[in-house]
Amino acid sequence: MSLMQRYINKLDSLNFEKMYNNDFFETWTKTFDELQATWTVADALRKLREENISTKIFDSGLGISLFRDNSTRTRFSFASACNLLGLEVQDLDEGKSQIAHGETVRETANMISFMADVIGIRDDMYIGKGNKYMRDYASYVDEGHKDGILEQRPTLVDLQCDIDHPTQTMADALHVIHEFGGIENLKGKKIAMTWAYSPSYGKPLSVPQGVVGLFTRLGMEVSLAHPEGYEIMPEVEEIGRKNAAAYGGKFTKTNSMAEAFKDADIVYPKSWAPFAAMEKRTDLYGKGDMNGINELEKELLAQNAKHKDWECTEELMKTTKDGKALYLHCLPADITGLSCKEGEVENSVFDRYRVPLYKEASFKPYIIAAMIFLSKVRNPQDILQRLENAKKERWMK
Amino acid sequence: MSLMQRYINKLDSLNFEKMYNNDFFETWTKTFDELQATWTVADALRKLREENISTKIFDSGLGISLFRDNSTRTRFSFASACNLLGLEVQDLDEGKSQIAHGETVRETANMISFMADVIGIRDDMYIGKGNKYMRDYASYVDEGHKDGILEQRPTLVDLQCDIDHPTQTMADALHVIHEFGGIENLKGKKIAMTWAYSPSYGKPLSVPQGVVGLFTRLGMEVSLAHPEGYEIMPEVEEIGRKNAAAYGGKFTKTNSMAEAFKDADIVYPKSWAPFAAMEKRTDLYGKGDMNGINELEKELLAQNAKHKDWECTEELMKTTKDGKALYLHCLPADITGLSCKEGEVENSVFDRYRVPLYKEASFKPYIIAAMIFLSKVRNPQDILQRLENAKKERWMK
Amino acid sequence: MSLMQRYINKLDSLNFEKMYNNDFFETWTKTFDELQATWTVADALRKLREENISTKIFDSGLGISLFRDNSTRTRFSFASACNLLGLEVQDLDEGKSQIAHGETVRETANMISFMADVIGIRDDMYIGKGNKYMRDYASYVDEGHKDGILEQRPTLVDLQCDIDHPTQTMADALHVIHEFGGIENLKGKKIAMTWAYSPSYGKPLSVPQGVVGLFTRLGMEVSLAHPEGYEIMPEVEEIGRKNAAAYGGKFTKTNSMAEAFKDADIVYPKSWAPFAAMEKRTDLYGKGDMNGINELEKELLAQNAKHKDWECTEELMKTTKDGKALYLHCLPADITGLSCKEGEVENSVFDRYRVPLYKEASFKPYIIAAMIFLSKVRNPQDILQRLENAKKERWMK
C-alpha cells in the first residue's frame, strides 16, 4: 500500500470535520483526532512535494501575515506554507498602513480580507492581548462573511500569541513523532520543559505553555522546571494537569533543572520571562510609562542573572536517559560562547544537535500548510488523492 | 439567459475600444460607455470569483505599486486585483530604492517595467504634483515601449492623486448602482457631497472632487457643501457644471450642510483641506520651509475647529429623503466618540451603516481589476466567455 | 530553421553540465562555454516571452532576495526573473528579522530555505566580506541539503558583491553582443573601462572589476583607466592579464582617460572608490569607529574633487572609434547638470545614449533567469523545447 494511501486511511479513521472553515488557535481547543489529522496532512503534503508533485489547492488568493513582532523563521514558514498551497503572501505592515490613525480592528480585518483565504497573526508581546486580538479578528471576518461583505471566510492561524505557539509546538511534536518512530512510542516518555538563562529579557511564555498544553496529551510526562518567580500562566498549568489525567500522562513541576533532566527522553531548555512581570509590563505599556518599563527591565535582568547556572550543559545531558535525550529548541537559542557569553545551552551540546534542530524547524511550513488545508478543504482525503493522481510537476527538473 | 451572458451583451452594446492598451486617470477623461464597461467587467469578474472560477488572464507578470502615502485598503485592493488576474505584486518602496539618489523618474519608470503589466500609483499629497507624476510615468513607459526597451506597455492606474480618486469613486458608484437596483434608477436622485469636521488636517481633495466629476454624469443632483474657505479646485467645479448640463443632472453649491442633506438620497460627509491651503503647503514643501508648514498646520487646525458643527448627526439624517439616505464614506472615518472626540459622523449613524460601508469598499478590488482587464484584453467579451467555459477552479473546495 | 532551434543547437554545441545544481558567483569561475550557455538561454527565454509563451518551470517555490544595500533595478530584475520562472519573491529584510539578535548565518540560511529554490544576495559594501558571505550561504544550504534538512538545494546568485557584479556585466556583455551583431565580432575591439568623477563617495568596485574579469575573455582589449590611487583589486588585474593571454585579448592600464578613450569601440566611464580606502573603511566599520569613517569620507571626497576633469564629454567621445563608441553604464549615472552639478558624464552624451543604455539594463532580468534556469534544469534544451511546444499563453491578450 502506498504511503499516501496510508495517510488517507489514517484520515479516514479520524473525526476532524469541525476543522473545516475553522481557525487554529490553542492546541487544547482541538480534539486529539484533529491534532492527528494535522500531523497526517503535514506528512502527506511533504511527501507530495518530495515527489515533485504540486500541492496548490488555490489558483489565486491571498495569505495575509500580520506580525506585531520581528520574525524570520515564522515569517518564512508562513510564506512557504501559503506558496505551497497557491496563495500569494501580503504582509500587513502596520508601519505602512493607516491602522495607527484611529482605525478600528474590525474595519481593518474586513478591508484587507476581500480576497484573503488565510490570515496569520503573530502577537506575543502583551499578556492578555495577543490571543484576544486574534479572536477579535476571527469574529470580525466571521461577521463580515455572514453579512455578505466577504465572499469567503478567511482562516485565522495563530502564529504565536501570549498564551500558545501552536505552529511551533505542533512542529516540535511532529519532529518528536518522527524521531521516536511513531506517536504510539511516546507513551510514558519524559520531556523536560525547563527554563534556561539568557542575557536577554522578556522572552514570550508561549513556547513553554504550548509544550505543557500539548505534550501532556501524548501520554508523556511533562516536567516543567524553572526558578521560583518564573511561573507560567496558572490556567495553562491547569490544562496540563487535566490533560495528564485524561491522556494517561503526567505533569510535574520542580525548581530544579537537574531533577527535570534526570532520565528525560527529551529536553527543551529555553528562557522565558516571569508571567507576573509580563503582566506588569503590559500595564506599563498601557500607561505609556517608559521609565517604569526601563526599571522593570533592569529588575528582570538582575533577576535572570541570579540563575546563570540554569544552562543545558554536557554534564546535565549525561544525566538524561542513556545520556542521549533529544534536545529541542524553537530557535534562535542563546548559545554560550557563540551567540552570547553565557546562555541557555553549551556550544558543544547545541552543535551536536544542530541537524535534528534544523529538522525540527523544517516541519513548521508543513504544519501551517496542513492547518490551512484542513480549514479550506471539505474532504482532504479526496483532494490529496486528486493531487497525487494529477501528478502536476512542481518543478520541471 | 445567464448573468454572464447579460454582462457580455451589455459590453456588446458599448463602445470602449480606446481603453485597450490605455491608462485610467480621471474619470472625466473616459466616455460614459467606458465607465459602464468598467462597472460591467467588475460585476462579471466578481460573479466568476463567486462561482469559484479562476479569472487569471496572466500566467506570470508583475503589478507594481508605488505608494507615496500610507495606505492599507488601497494597497490591499490593488494587491487583490493583481492577484485576481494572475499578476504578482511588487512594491516600489522609495525608502528601499535608490530613487532618492538623483535618479530621474523616466529612468526608474523604465527600469522597473521590463516585466510590469500594470503600475498603480498613489500620490495625493501635493496639489499640482501627483497627477502630473502619474502622467509623466505613463509617457515614459510609452516612450520606452515605442523605443523597444519595454516588450509590453504597462498600464497606469491612478490609485489616488491630487485631483481625482477614480478607483474610489468608481467603487462608490458601483455600490450605489447596486443599492438603487440599476444605473437607470439614479436619474434625478440627490447626493450631498459635504465637508465634515475632523481633528486631523490636510486630507486630500481627491474624493470630493472625484464625486463631483463622476456623479454629475449619472443624471444626479450633486450638492457640494462646505464652509467658506474650503473650496475645491475650480477646474473640477467647471467639469461638474458641464457634466450636469450634458447628462441631465444638476450641480449646486452651498455653505450649509443642512441644505445639502435636505431630501438627499445619498450623503457623503467627509473632511478635506482647503484647496488654497494645499497649494500653499505644496510651495512650502518645495522650499523645505518646515516652520512655515507647522505654522500652516496650526492655522488650518484652528480654522477647522470653527466648524465642529459640520457633523453627520442622526438629526441631520432625519432630514434626508424619508430619513433614509444612503451614507457613503471612503473610510477610515473620524467617528465621534469612537476614533476621536469630535469627528465627521455620529457613532450611531456610522454603526447603522457599517455593513453597506464595508460593501462599498468591497467593490474596489474588482473596479481596479476591471480597469486592468479592459486595458490588457483586446476583446473582453471573448475572454470572459473563455474564462467561464474553462471553469478552472480558483480553489479546490 | 526556427530561432529557438538555433538556440537549442547552440546549447548542444556547449559543455555546461557543471552548472546544474550549482551557483553563479564571479564570471571567471565559469568556463567560456558556461557563459555562452547563459547568454543563449537568456536570449531564448526573452524570445519565448516576446512570443507570449509562458516560461514558468516552477509551479510553486520561493526566490529569496537578501539585499544588504539599497537597490531598485537589481531588486526588480531579480523579482522579474523569479516571476518569469514561476517563483514567488520573498525579501529577507534584516530589519524585519531577528538576524541582528545573535543568530548565526548558517542557521538563517537553513531556516529561510525550506522551500527556497534560489537565493539572490547583494552585499557590496565591505571589501573581503560580501563574496565570503555569499559563499558561506552556499556552503550552509549545501550542508543543509546533504543533511536532509532541505529537500531541495537553493541556488545562490551573486547580485553584486565586493569583488564582482556578474548579473550586471553578463547583461552588459549580452547587450554588446547584440549591438555588434554577434560575439565573433568583438575580437580585437577596444573597451575603455575608466574611472569618472562623482560627487558621491564609496561606490563599489564590483563593476570595473567585473568588466576587467569578463571582457578580457571576449578577445577584446580592455583598457583600464583611473587616477593614481584608484587601483582595483590586484587579484582581479591578474585575472585580466591571464584572460587576455588565454583568449587572445589585451589588458592595459593607464592613468589617462584620454588614452583609454582613444579609438575605443566601447566606453564605460563610472566612479568607484579606491580599493585601499574601501579596505580601510571596512576595518573602521569593524571597529565601529564612526569618527574615523567620517574622516575617511572627507578625505575621499577631497581626493575625488581633484579629478573633476575625469568626465565623459562630447570632446572625448569624438576621439573614440569614428567618434561613435558605444557608451555603457550600470545606472544610475551622475549626469552633469542633470542629477548633479559635476558628474561622470555630460548630459548631451548621456541623453544621446539613453535608449541603448535602457536596452543594456533590459537584459538583466533574462540573465538572472538564465542563471537560475541553468542551475535548476538538467536538460535545458528539452525544457526550452517543451515550453515552446506547450505554447501556454503568458497573457490572454
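Couple of notes before you dig in:
- Taking every alpha-carbon pair under 8 Å whose residues sit at least 6 apart, the stretch C:245-339 reaches a relative contact order of 47 percent.
- Candidates A:Ser60, A:Ser198, A:Ser13: whichever shows maximal mean-square fluctuation once chain A is modelled as a Gaussian network with Cα springs under 10 Å: A:Ser13
- Reducing the stretch A:313-389 and the stretch B:178-206 to their Cα centroids gives an inter-centroid distance of 55 Å.
- Taking a ≥ b ≥ c as the square roots of the eigenvalues of the Cα gyration tensor, the stretch A:258-369 is prolate, since a/c reaches 1.5 or more and a/b is larger than b/c.
- In this label model, A:Lys397 and C:Asp93 are separated by 3.6 nm, measuring between points 7 Å along each Cα→Cβ vector.
- Computed FRET value (nearest 0.05) for C:Glu314 with C:Thr254, which takes r as the C-beta separation and R₀ as 30 Å: 0.90
- Whole-percent P(r), the stretch C:1-125, all Cα pairs, 10 Å bins from 0: 11, 33, 37, 15, 4, 0.
- Computed on the stretch A:1-86, with alpha-carbon pairs under 8 angstrom and 6+ residues apart, the relative contact order is 27 percent.
- Range of Cα positions in the stretch A:218-285 per principal axis (Å), largest first: 41, 27, 15
- Take each residue of peptide A:386-397, count the partner chain Cβ atoms within 10 Å of its Cβ, and average: the result is 4.
- Net +/- balance of residues flanking C:Gly120 in space, Cβ distance below 12 Å, scoring K and R +1, D and E -1: -1
- Per residue Cα convex hull volume in Å³ - calculated over the stretch A:313-377: 99
- Candidates B:Arg281, B:Arg354, B:Arg217: whichever shows maximal mean-square fluctuation once chain B is modelled as a Gaussian network with Cα springs under 10 Å: B:Arg354
- Spin-label model distance (nm) - A:Arg241 vs C:Lys146, 7 Å beyond Cα toward Cβ: 5.2
- Probe 1.4 Å, protein heavy atoms only - accessible area per residue of the stretch B:166-361 in square angstrom: 38
- Working from Cα pairs under 8 Å separated by at least six residues, relative contact order for chain C is 21 percent.
- Pairs beyond 25 Å (Cα-Cα), from A:Lys30/A:Lys129; B:Lys203/B:Lys321; B:Lys189/B:Lys324; A:Lys397/C:Lys132: B:Lys203/B:Lys321; A:Lys397/C:Lys132
- Counting all C-alpha pairs of the stretch A:115-263, share separated by more than 17 Å (%): 66
- Cβ-defined net charge surrounding A:Leu85, 10 Å radius [Lys, Arg +1; Asp, Glu -1]: +1
- Size descriptor for the stretch A:166-361, Kirkwood hydrodynamic radius: 17.0 Å (Cα pairs only, one decimal).
- Measuring spread by the Cα atoms of chain A yields a radius of gyration and Dmax of 21.1, 65 Å.
- Close amide H contacts of B:Asp91 (hydrogens built in the peptide plane, cut-off under 5 Å, sequence separation of 5 or more or a different chain): B:Ser65.
- Restricting the calculation to Cα atoms, the protein assembly as shown yields a radius of gyration followed by a Dmax of 31.6, 92 Å.
- Applying 1/(1 + (r/R0)^6) with r as the Cβ-Cβ distance of B:Val355 and A:Asp69 and R0 = 56 angstrom yields a FRET efficiency of 0.95.
- Dimensions (Å) - the stretch A:48-91, Cα atoms, principal axes, largest first: 35, 22, 7
The values are calculated or read from the model by the stated rules, or taken from the named source; none is laboratory data. Nothing here was measured: the structure is a model prediction, and the numbers come from that model. Here the Cβ is made from the backbone with ideal geometry for all residues, glycine too, and neighbour counts use every protein chain on show. When the accessible area is computed, the model is the full protein with side chains, heavy atoms only, and any ligands, DNA or RNA have been set aside. Shrake-Rupley method; radii C 1.70, N 1.55, O 1.52, S 1.80 Å.
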